[in-house]
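K.L.:
Once you've had a glance at the structure underneath, I'll fire off some questions.
The values are calculated or read from the model by the stated rules, or taken from the named source; none is laboratory data. Quick caveat: nothing in here was measured; it's all calculated off a predicted structure. Don't worry about glycine lacking a Cβ; one is built from the backbone with ideal geometry, like all the others, and counts go over all protein chains shown. We work out accessible area using only protein heavy atoms, side chains counted, and drop any ligands, DNA or RNA first. Shrake-Rupley method; radii C 1.70, N 1.55, O 1.52, S 1.80 Å.
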Amino acid sequence: MGRIDKARIRDLLVELVQIDSHSREEREMADRLEREMQELGAERVFRDDAGERIGGNTGNVIALFAGSVPNAPALLVSAHMDTVQPGKGVKPIVEGDVIRTDGTTVLGGDDKSGVAIICEILRVLRDEKIPHGPIDCVFTICEERGLSGAKHLDVASLRAKSGVVLDSDAPGFLFTRAPGANHIAIKVRGLEAHAGMAPEKGLNAIQIASQAIANMKLGRIDHETTANLGVIHGGTAINVVPNLVEIQGEARSHSEEKLAAQTDHMRKCFEDVVGNHRVARKGEAITARVEFTATREYEAMNVPDASPIVQLIVEAGERCGRQVTVTGMGGGCDANILNRRGFQVANLGTGMRDIHTVKEWLDVNDMVLAAEILLEAVAINAARAS
Ligand SMILES: [Zn+2]
């Protein structure tokens, strides 16, 4: 079995995190990975038009590798190129096997750890001439902004029907279940008036929104459902009765029914309250109003434990002396989208830690473990077919 090179995977990660790639600005990363894929012997490397469609400066990078065992089922391996903010000018600090930031930016191990793992296994496969089936590599854009790259991924040329996304924290964990989510946007419309001269002519949108929110179930709703209001803006001056409050939030659940019920509950909290607020102006009754919009951010995913891809990764883990834990996660990732688009894809942990914070760090040994499991899976997949 091939050897994952710890120093090499660390050096690649350290290089990649220093390439700025905020969402919609992934071009430099895409250029770098295109070169890497060509050097690693991809039969075809190209970018799709997802970037144009979502206002980014580059598309998803797709690299197709032929494989020496052509009748083995093609495998999809995927990671995202973009990072959250603040992610520009990352200065990685290497302390032994641990890599962290200087505390001013995220590290971007989410998801460059996944990218580096994919590059490393392709290198080992090539250098050690390990028999493998066709491999479809997908490096997506804009995962951190609504999974937009995966939503617009050009899947026409992909041969694989199943595979793994490398985009979660715990090494040795395979995430197969994730909630669906609704993005919720609310506008509460009251009526503007001078707060000192004629407050009775106004409808205070801040107060109305507050009443609705006070009645609302938020946070952990049950073991598979959560809800949050995370952004609120309203009002213009302390002496003006505010006529508009804008709120944004979300609801998530592993159950479609519960997601719909929680979303309806949040809508109803606003609708119940606005009707109680009205004033007469020029003989006309004016009532507060609410505009409530729920848009689907992503669908729930649920890859069965008995599916071939889950079984393959579990077996690969065993052969590496590591029990892979198959479990659910609370967030969404590209796998949510890919599963809805006809693929069977689970999310293998890479060792990224404290992600989306400036304290983000990782231990290279965790990346090595994930790479060993993935490499073993590729080898088993080929051995079964030959
Ligand atoms: Zn990620």
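K.L.:
Work the Kirkwood hydrodynamic radius out for region 167-212: mean of 1/r over every pair of different alpha-carbon atoms, inverted, in Å.
P.N.:
Computed over Cα pairs of region 167-212, the Kirkwood hydrodynamic radius comes out at 15.0 Å.
K.L.:
Give the distance, in whole Å, between the Cα centre of region 31-71 and the Cα centre of region 165-193.
P.N.:
28
K.L.:
Mind giving me the nanometre distance, one decimal, between the label points for Ser307 and Arg322, set 7 Å out from Cα along Cα→Cβ?
P.N.:
Computed distance between label sites Ser307 and Arg322 equals 2.1 nm.
K.L.:
When you take every Cα atom in region 1-131, what is the radius of gyration, and what is Dmax, the widest Cα pair distance, in Å?
P.N.:
Rg then Dmax for region 1-131, in Å: 15.5, 49.
K.L.:
Pop out the carbon and sulfur fraction of the accessible area of region 1-133 as a percent, whole number, probe 1.4 Å.
P.N.:
Within region 1-133, the accessible surface is 46 percent carbon and sulfur.
K.L.:
Counting only DSSP beta bridges with both residues in the chain, what percent are antiparallel, rounded to the nearest 5?
P.N.:
Bridges in the chain are about 75 percent antiparallel.
K.L.:
Another question, if that's okay. Can you pick out the pairs among Lys129/Lys151; Lys88/Lys217; Lys88/Lys151; Lys187/Lys217 whose Cα atoms lie more than 28 Å from each other?
P.N.:
As for pairs spanning more than 28 Å Cα to Cα, those are Lys129/Lys151; Lys88/Lys217.
K.L.:
Same structure, new question: Would you mind getting me the FRET efficiency between Glu95 and Ala261? Use the beta-carbon distance for r and R0 = 45 Å, nearest 0.05.
P.N.:
Efficiency, from the Cβ-Cβ distance: 0.40.
K.L.:
Considering region 70-165, what Rg and Dmax in Å follow from its alpha-carbon atoms?
P.N.:
Every Cα atom of region 70-165 included, Rg and Dmax give 15.9, 49 Å.
K.L.:
Rounded to the nearest 500, what is the chain's calculated 222 nm mean residue ellipticity when only DSSP H runs of at least 4 contribute -39500 (n - 2.57) each, over all residues?
P.N.:
-10000 deg cm²/dmol
K.L.:
At a 10 angstrom cut-off on C-beta neighbours, averaged per residue, how do the peptides 278-290, 307-319 rank from highest to lowest?
P.N.:
307-319, 278-290
K.L.:
Could I ask something else about it? Can you give me the long-range amide H partners of Ala193? Hydrogens built in the peptide plane at 1.01 Å from N, cutoff under 5 Å, separation of 5 or more residues or another chain.
P.N.:
Val241
K.L.:
For Ile130 and Thr293, what does the FRET efficiency come to when R0 = 41 Å and r is the distance between their Cβ atoms, rounded to the nearest 0.05?
P.N.:
Once rounded, the FRET efficiency stands at 0.20.
K.L.:
What are the extents of the Cα atoms of region 191-236 along their three principal axes, in Å, largest first?
P.N.:
Result, largest extent first: 50, 18, 12 Å.
K.L.:
Let me ask you something else. Keeping every protein chain present and rolling a 1.4 Å probe, give me the accessible area per residue for the chain in Å².
P.N.:
43
K.L.:
Bin all alpha-carbon pair distances of region 157-289 at 5 Å intervals from 0 and give each bin's fraction as a whole percent.
P.N.:
Percent of Cα pairs in each bin: 2, 9, 16, 15, 13, 11, 9, 7, 6, 4, 3, 2, 1, 0, 0.
K.L.:
Here's something else I'd like to know. Helix 364-385 versus the longest principal axis of the chain: what angle, 0 to 90°, nearest 10, using Cα atoms?
P.N.:
60
K.L.:
If each residue of separation counts as 0.36 nm, what is the full-extension length gain between Met197 and Glu52 once their alpha-carbon separation is subtracted?
P.N.:
Here the answer is 47.0 nm.
K.L.:
Provide the FRET efficiency to the nearest 0.05 for the Ile206-His356 pair, computing r from the beta carbons and using R0 = 45 Å.
P.N.:
0.90
K.L.:
Would you mind putting 110-123, 225-238, 344-357, 172-185 in packing order, based on average other-beta-carbon counts within 10 Å, highest first?
P.N.:
In decreasing order of mean packing, 110-123, 225-238, 344-357, 172-185 become 110-123, 344-357, 172-185, 225-238.
K.L.:
Ile380: net charge of surrounding residues, Cβ under 11 Å, Lys/Arg +1, Asp/Glu -1, itself excluded?
P.N.:
In short, -1.
K.L.:
Just to compare against my own numbers: the Cα pair-distance distribution for region 228-386, 10 Å bins, whole % per bin, please.
P.N.:
8, 23, 24, 17, 12, 9, 5, 2, 0
K.L.:
What Kirkwood radius, in Å to one decimal, follows from the Cα pairs of the chain?
P.N.:
So the Kirkwood estimate lands at 22.6 Å.
K.L.:
Ranked from highest to lowest mean number of other Cβ atoms within 10 Å per residue, what is the order of the peptides 50-56, 148-154?
P.N.:
Output ranking for 50-56, 148-154: 148-154, 50-56.
K.L.:
Can you list the HN-Hα couplings for region 218-235, worked out from phi with the Karplus curve (6.51, -1.76, 1.60; θ = phi - 60°), rounded to whole Hz and with x for Gly and Pro?
P.N.:
9, x, 7, 7, 7, 5, 10, 9, 9, 8, 8, 10, x, 9, 9, 9, x, x
K.L.:
Between Ala237 and Asp11, what is the label-to-label distance in nm when each label sits 7 Å out along the Cα-to-Cβ direction?
P.N.:
Once both label points are built, they end up 6.4 nm from each other.
K.L.:
Could you run the Karplus curve 6.51 cos²θ - 1.76 cosθ + 1.60 with θ = phi - 60° over region 240-247 and give me ³J(HN,Hα) per residue in whole Hz, x for Gly and Pro?
P.N.:
Using θ = phi - 60°, the values come out as 10, 5, x, 9, 8, 10, 10, 10 Hz.
K.L.:
Quick check: the angle from helix 109-127's long axis to the longest principal axis of the chain, C-alpha only, nearest 10 degrees?
P.N.:
Computed tilt is about 20 degrees.
K.L.:
Mind checking which of Ser148, Leu158, Leu122 is farthest towards the positive end of region 108-163's charge dipole, using Cβ charges of +1 (Lys, Arg) and -1 (Asp, Glu) about the Cα centre?
P.N.:
It is Leu158.
K.L.:
Can you tell which of Gln207, Cys320, Pro308 lies farthest toward the positive end of the dipole of region 188-338, using +1 and -1 charges on the Cβ of basic and acidic side chains (Lys, Arg; Asp, Glu)?
P.N.:
Of Gln207, Cys320, Pro308, it is Gln207.
K.L.:
If you don't mind, another one. Can you work out the Karplus-derived ³J(HN,Hα) for every residue in region 341-357? Use 6.51 cos²θ - 1.76 cosθ + 1.60 with θ = phi - 60°, whole Hz, and x for glycine or proline.
P.N.:
9, x, 9, 10, 9, 10, 10, 9, x, 10, x, 4, 10, 6, 5, 6, 9
K.L.:
Tell me the Kirkwood hydrodynamic radius of region 211-303 in angstroms, computed as one over the mean inverse distance between distinct C-alpha pairs.
P.N.:
15.2 Å is the Kirkwood radius here.
K.L.:
If you don't mind, there's one more thing I want to ask. Check Ser162: other-chain or 5+ apart residues with amide H under 5 Å from its amide H, H built from backbone geometry?
P.N.:
Leu76, Gln344
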